[in-house]
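Asker: First the structure, then my questions, so here it is.
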Amino acid sequence: MSAGRVAVQTVEDFMTVGMPEIRRIYAYCLRAAMYENGPDETIERGATNMTVGLQFKSVDDENLVLLRFSFDLKGRYWNGEVDYVLEYEVAEKMDVPNSVIEEFATRSAVMCVYPYVRSAVADLTSKLPIPTVTLPLKRPGELDFMREGILGE
């Protein structure tokens, strides 16, 4: 453990010690485009395949934890990327294992950003010559993600 830092081992510790509060949510990347070579026949009509990536970083001098969710989307006629960053202000400088951040992201943080993602996808696809895509509602725990690494690496 680093000097002046509190070690946390569980999401409950992170919530109790860190008392994370959302400071801001912002778009990092918003993109949607048609396939150049025609439809992707492997994707069913009306379906959208979605992969969610996670990157995170602590900014000690500002007591921030940054989580970036990257939504890679593929439809029959289009593909896109919608990335949002959540900035959490925390009360204490902490040593937090990756597994705790990942569990926090799965249980809570991704649900804070998902409404923004749904809105962005609907807006982006409304500008394409296809029917507007509305992503389904999700419940906590239904969105799985793949850890991609630490922001800035």
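Asker: Among the numbered criteria (1) within 28 Å of ASP61 (Cβ to Cβ); (2) within 18 Å of the chain's Cα centre (by Cα); (3) not acidic (Asp, Glu), which one does VAL121 miss?
Answerer: Result: VAL121 fails condition (1) only.
Asker: Conditions first: (1) of a type in the set (D, E, K, R); (2) closer than 23 Å to ARG118 by Cβ; (3) in contact with a helix residue (DSSP H, G or I) (Cβ under 7 Å, 6 or more places away or on another chain). LYS93 passes all but one, so which condition is the exception?
Answerer: With respect to (1) of a type in the set (D, E, K, R); (2) closer than 23 Å to ARG118 by Cβ; (3) in contact with a helix residue (DSSP H, G or I) (Cβ under 7 Å, 6 or more places away or on another chain), LYS93 is out only on (2).
Asker: Which one of VAL90, VAL82 is more than 20 Å from GLY53 (Cα to Cα) and of a type in the set (Val, Ile, Thr)? Full working, then the answer.
Answerer: Values: VAL82 fails: more than 20 Å from GLY53 (Cα to Cα).
After applying the criteria, what remains is VAL90.
Asker: Something else: Kindly provide the set of residues from region 58-88 that are over 19 Å from MET34 (Cα atoms), modelled with pLDDT of 95 or more and among the acidic types (Asp, Glu), ordered by number.
Answerer: Correct list: GLU87 only.
Asker: Are there any pairs with C-beta distances below 7 angstrom linking a residue in region 46-73 that is within 25 Å of ASP95 (Cα to Cα) to a residue that is among the basic types (Lys, Arg) and not in a strand (DSSP E or B), with the two at least 6 apart or on different chains, and if so which?
Answerer: ASP60/LYS93; ASN63/LYS93
The values are calculated or read from the model by the stated rules, or taken from the named source; none is laboratory data. Keep in mind that what you see is a predicted model, and the values were worked out from it rather than measured. Using ideal geometry, Cβ is built from the backbone for each residue, glycine included, and neighbour counts are taken over all protein chains shown.
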